[in-house]
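Below is one structure, written out as C-alpha cells; the observations come after it.
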Amino acid sequence: KVRSIHFANGIARVDFSPEIVKNFRGGSAGELLMVGSIVNTLTEIQGVEKVRIMVNGKQVESIGGHVDLSEPLGRMENLLKK
C-alpha cells in the first residue's frame, strides 16, 4: 500500500507500507522489475527526475536484497521494451 508520495526538487519520495518488504517473494529479476516499474511510472510525471523508495516512513537499503535503494533512482530505460 502506498502511504504517501511527496514531490520536491525533482525527486518523488514514495512511502510504502511494510508489507512491500514482508510480502516480497521475488528474486533479483522480480525486485528489479518491481522497482523499475515504480521508478519509471513516477518519472513519467513532469519534473520528476528521480525516485526515492521508502518503507514505513524510513529510507531502506533494499526491498528484497538485490536492488540498492540507498540513493534516489533515475529512470530505468533498459527495462523498457523498444
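None of the figures in this text is laboratory data; all of them are computed from the coordinates on show. On a predicted model such as this, the values are computed, not experimentally measured, just so you know. Don't worry about glycine lacking a Cβ; one is built from the backbone with ideal geometry, like all the others, and counts go over all protein chains shown.
Summary of computed values
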{"quantity": "Residue count, the stretch 42-68 (criterion: more than 15 Å from SER4 (Cα to Cα), surrounded by 13 or more Cβ atoms within 10 Å (Cβ to Cβ) and either out of contact with any strand residue (DSSP E or B) (no Cβ under 8 Å at 6 or more places or on another chain) or of a type in the set (Val, Ile, Thr) (or both))", "calculated": "8"}
{"quantity": "SER70 among the hydroxyl-bearing types (Ser, Thr, Tyr) and under 10 Å from the mean Cα position of the chain (by Cα)", "calculated": "no"}
{"quantity": "Long-range neighbours under 7 Å by Cβ, at least six apart or interchain, first residue in contact (Cβ under 8 Å) with a residue 40 or more places away in the chain and surrounded by 13 or more Cβ atoms within 10 Å (Cβ to Cβ) within the stretch 1-26, second of a type in the set (S, T, N, Q) and assigned to a loop (DSSP other than H, G, I, E, B)", "calculated": "ARG3/SER17"}
